[in-house]
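One structure below.
The values are calculated or read from the model by the stated rules, or taken from the named source; none is laboratory data. Given the structure is predicted, the values throughout are model-derived calculations rather than measurements. Because the Cβ atoms are built from the backbone with ideal geometry, glycine has one as well, and the counts that use them run over all protein chains shown. All accessible areas refer to the heavy atoms of the entire protein, side chains included, with ligands and DNA or RNA removed. Shrake-Rupley method; radii C 1.70, N 1.55, O 1.52, S 1.80 Å.
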Amino acid sequence: MSEDFDVQSGEYGSSQIRVLEGLEAVRVRPGMYIGNTTSLGLHHLVYEVVDNSIDEALAGYCKNIEASINADGSITVVDDGRGIPTETHPQTGKSTLETVLTVLHAGGKFGDGGYSVSGGLHGVGVSVVNALSADLEVKVWREQNMYTQKFSKGIPVGGLLTVPTEKADRTGTSVTFMPDTSIFTHGIEFDYDILAIRFRELAYLNAGIKISFADLRTGEGFTPREEIYLYEGGIKEYISHINEDKQALHEEIIYVQGVKNNVQVEVALQWCSDAYTDNLLGFANNIKTKEGGTHLEGLKAVLTRTINSIGRKRKKLKEGDSNLGGENIREGLTAIVSVKVPNPEFEGQTKTKLGNSEVRGIVETIVSETLTEFLEFRPHIADAILEKALQAFNAAEAARRARDLVRRKSVLESSPLPGKLADCSSKDPSESEIFIVEGDSAGGSAKQGRDRRTQAILPLRGKILNIEKTDDARIYKNNEVQSLIAALGLGVKGEEFNVANLRYHRVCLMTDADVDGAHIRTLLLTFFYRYQRDLIDQGFVYIACPPLYKLERGKNHFYCYSDRELQAQIATFPANANYTIQRFKGLGEMMPQQLWDTTMNPETRSMKRIEIQDAAEADRIFTILMGDRVAPRREFIETYGSKLDMSELDI
């Protein structure tokens, strides 16, 4: 129901109350059901349909799921589950198939006995996909028949058609839909890579389920592709994939599985000797819990308690020694915890934090017993993990001393902020932003061109430390890193991220548009990813996009941000037109007003927010490109180097 108040007449009666029938509410307020109507919401439609097939698989009735982006841009998802029931539904008087497609919250996951556990963040079901599709066709194979029905914008087009099937024993469901362009006004083109990441993730999280994915589009910009995701090892294989370019501390992956109070728990753990941070991935009902939750809290607590207990038994920790901290124990750990909860409660800003309080204790109980037994029967692995944790503890102590030394040596005893920081006057982090720039010349232009009320500037000298292959003690001795930590209010590496201490809610990396600038940007991203990854996960890190060219013709000038944009602008000029092109090699070449107009003015600038679609792949790529092992990096360059367009390299 929505309230429409007639402001001009001032009337507010029954005629101003509008009742939204059926799926009309979904079309009026789509954001309430799928998050938004941009690319995120568009791809969420596919997840909703695939989640139904995964639910069938979790219930033990489906082994194969086939998804495809069709030649016309529509999506088809086919499974070999039981098929949506087709008999008349007692409550609606329509077929159950039509009821599921046209009634909100109608389905097996909302009642008793359909599914004990179901996936999907919103759990809104295929009816929302139907409501937001220009056309949708569903086919069901069951009871030796094939049932077909078509819909348009959530409304049935004709009745349920029934024909006998050629294969009498075939069961399953097929859904084909084309999103409605009047809802998805930003476009309805599906990104193969975004969907592939999700399907691969689902295959890892649900061992033994085969997901086939094909892109059947042809024409300019499209390459037909097909991939199959099938992982019999489940999350153990996921850990192997993430760590394939790291040096494992123990080859055997620790695996824990158990059920308590209808909550299913799966955990896989592996420590690596050449990693200095942890990488913990949490999932609840196949949803990636970016903001953490009780399952991750339980895992962290039981790891700390169990490893300390084993350390005492193994005499690695003496009687008078203090316990190892959780961050010391988790250094170098890659862990996946996946829970299946009958009634999940999602919290947090993006509804990706598991809130069920009972899950913490369940994870602790199940993991404690198995992990203790595993380590007691494999003392060499226990000793290796303890040795790694003790090294981390000693490095943390050295880092603390180095940090204290830096603070004592600071000439700005009265102020912890770095001297080269040009701060903004606002004390409200939500409206404040900091631009991290390279060098004093770019810093000078930025300081003069900025809005002093909300924009701070921090110039860095040279390239910062690559912390992918650096221990903590060296990190805190580095002046540029120290400046970053102090300016942003980041605190200590390994500690829980506290957003209340963050001084700016937009951290903007503004580097030159050349190879050196790209390298500095990569080093900064490595720093944020490894030092305080929550900054990226919670959407605080941005990349500023300065123009590459200034195109002048007569009294008019145009800023172009790519070669394509430049050529497109030139193409609008007469054939014999005179014009000049200025290539900006560095931000220091730009006048303060130019920098403000093109890159810093919130009204006109273009910014890219850093988001991690695939946390496992991001971790692997950072390890390959920024780690200290040469062989994986050489292999990466040999594999992908031939695909580079050398003319686009700015060297």
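For E617 and E552, the FRET efficiency from 1/(1 + (r/R0)^6), where r spans their Cβ atoms and R0 equals 45 Å, is about 0.60. What you get for the chain, charging only the Cβ of Lys and Arg (+1) and of Asp and Glu (-1), is a dipole of about 1900 debye around the Cα centre. Would you list which aspartates and glutamates come within 15 Å of K477, measuring only between C-alpha atoms, while excluding same-chain residues fewer than 8 positions from it? Those aspartates and glutamates meeting the cut-off are E397, D404.
Segment 498-565 to segment 147-164: how many Å between their Cα centroids? Taking the Cα centre of segment 147-164 as reference, the centre of segment 498-565 is 50 Å away. Averaging the Cα positions of each part gives two centres, and for segment 579-604 and segment 198-216 these lie 45 Å apart.
Among the chymotrypsin sites (Phe, Trp or Tyr not before Pro) within segment 195-273, those in coil by DSSP and having at most 16 neighbouring Cβ atoms inside 10 Å are F222. Heavy-atom accessible surface of C560, to the nearest 10 Å², is about 0 Å², with a 1.4 Å probe and all protein chains retained.
Based on the convex hull around the alpha carbon atoms, the chain presents an average projected area of 37.5 nm².
What the Kirkwood sum gives for segment 210-353 is a hydrodynamic radius of 17.6 Å, with every pair of different alpha carbons counted. Mean separation of Cα pairs under 8 Å and 6 or more residues apart, divided by the residue count, gives the chain a relative contact order of 9 percent.
Under 12 Å of direct C-alpha separation, and excluding same-chain neighbours fewer than eight residues apart, K447 reaches these aspartates and glutamates: D423.
The string of couplings for segment 193-201 from the Karplus curve (6.51, -1.76, 1.60, θ = phi - 60°) is 5, 4, 5, 4, 4, 5, 5, 4, 4 Hz, one whole number per residue in order, with x for Gly and Pro.
Rounded to the nearest 20, the Cβ-based charge dipole of segment 308-391 about its Cα centre (Lys and Arg +1, Asp and Glu -1) stands at 160 debye. Placing pseudo-labels 7 Å out from each Cα toward the beta carbon at A168 and Q582 gives an inter-label distance of 8.1 nm.
In the full protein context, the chain carries 48 Å² of accessible surface per residue, based on a 1.4 Å probe and ignoring ligands, DNA and RNA. For segment 482-534, the share of accessible area belonging to carbon and sulfur comes to 46 percent (1.4 Å probe, ligands and nucleic acids excluded).
Give the Debye-formula value of log10 I(q)/I(0) at each listed q (0.14 Å⁻¹), with one equal scatterer per alpha carbon of segment 29-78, two decimals each. At q = 0.14 Å⁻¹ the computed log10 ratios are -0.43.
When shorter helices are ignored and each DSSP H run of at least 4 residues is given -39500 (n - 2.57), the per-residue value for the chain at 222 nm works out to -10500 deg cm²/dmol. Please tell me which of these pairs span more than 31 angstrom C-alpha to C-alpha: K210/K469; K427/K550; K246/K463; K340/K427? Pairs exceeding 31 Å: K210/K469; K427/K550; K340/K427. Applied to segment 560-569, the Karplus parametrisation 6.51 cos²θ - 1.76 cosθ + 1.60 on θ = phi - 60° returns per-residue 3J(HN,Hα) values of 10, 9, 7, 5, 4, 5, 4, 5, 5, 5 Hz, with x for Gly and Pro.
Just the protein heavy atoms count here, and of the accessible area of segment 160-310 at 1.4 Å, carbon and sulfur take up 46 percent. Here the accessible area of segment 571-650 is 52 percent carbon and sulfur, with a 1.4 angstrom probe and all protein chains present. Residues E611, E617, E358, sorted by accessible area with the largest first, give E611, E358, E617 [1.4 Å probe; ligands and nucleic acids excluded]. Charge dipole (Cα centre; +1 on Lys/Arg Cβ, -1 on Asp/Glu Cβ; no other charges) of segment 255-307 amounts to roughly 160 debye. Note on segment 487-561: Cα-Cα pairs beyond 22 Å make up 39% of the total pair count.
Altogether, the Stokes-Einstein calculation at 37 °C and 0.692 mPa s, with the Kirkwood radius of segment 17-105 over Cα pairs as Rh, returns a diffusion coefficient of 217 µm²/s. Descending by average beta-carbon neighbour count within 10 Å, the peptides 372-379, 322-329 line up as 322-329, 372-379, the highest first. With the simple spin-label model, which puts each label point 7 Å out from Cα in the Cβ direction, the V630 to D135 separation comes to 5.9 nm. Among I520, I228, the sequence by solvent-accessible area, most first, with a 1.4 Å probe is I228, I520. Each residue of segment 459-605 gets 131 Å³ once the volume of the Cα convex hull is shared out per residue.
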